Every structure is written in C-alpha cells, then in structure tokens.
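Below: the structure, in structure tokens.
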Amino acid sequence: MPKEVINREALVDVFDTNDDSEMMVVRGLLEASNIEVLLTSVESTAGIFPFRNGPLGHMRLQVFESAAEDARQIIAQYRQAGQQEMDAAGTDA
C-alpha cells in the first residue's frame, strides 16, 4: 500500500469574495495552473436562511505558501483583463 504524503506547508489567503461566480472563476484559473486550492466559507447564512438565493457568505481561497506568489499573479492578470474589458465596453458606448 502506498504511503500517504502529508504536506505540512502553511496555507495562505490569496482571494476573498462574497460572489459565488467570481470565486468559481478564480478557483478554476488556479486549478488550471496546477495550484491546489482550499475553499473556506467564513460565514454562512445557509443554516439561518436555507431557501435563500444568492451568495452563502464570505468565501476565501487559500493555497500553499510556495504557490502563493504564482496564485496572486494569476489573480492580478484576471482582474486586469476584466478591467480592460470594462474599459473597452465603456469606449464603445
């Protein structure tokens, strides 16, 4: 039986949001770059309001410390691309 490898490296926060969609996009970008991601829900209203539509509270993405700089660069590129799209849409109007 293979021996399980345990990574004792610290996790660091690289992204936080209240928006489910944005969290899924950023998580997908990081995972597509082979960066392991841990999603943590800081506060959840699901238990209080089980039939609520919308975000389930504040969420954050954490990565191993060794991947944090790469993750932050990917997130910065994502935000920059989004800003450029908004700027281009504004000039087309």
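Spin-label point model (7 Å from Cα, Cβ direction): what's the Glu65 to Asn7 distance in nm? Here the answer is 1.4 nm between the modelled labels. Take the Cα of Val25, step 7 Å toward its Cβ, do the same at Gln80, and the gap between the two points is 1.7 nm. Amide hydrogen proximity for Phe15: with H placed 1.01 Å from N in the peptide plane, the residues at 5 or more positions away or on another chain lying under 5 Å are Leu61.
Only the coordinates and a few stated rules stand behind these numbers; no lab work does. If you're wondering where the values come from, they're calculated on a predicted model, not measured in any experiment. Reconstructed Cβ throughout: ideal geometry from the backbone, glycine too, with neighbour counts over all protein chains shown.
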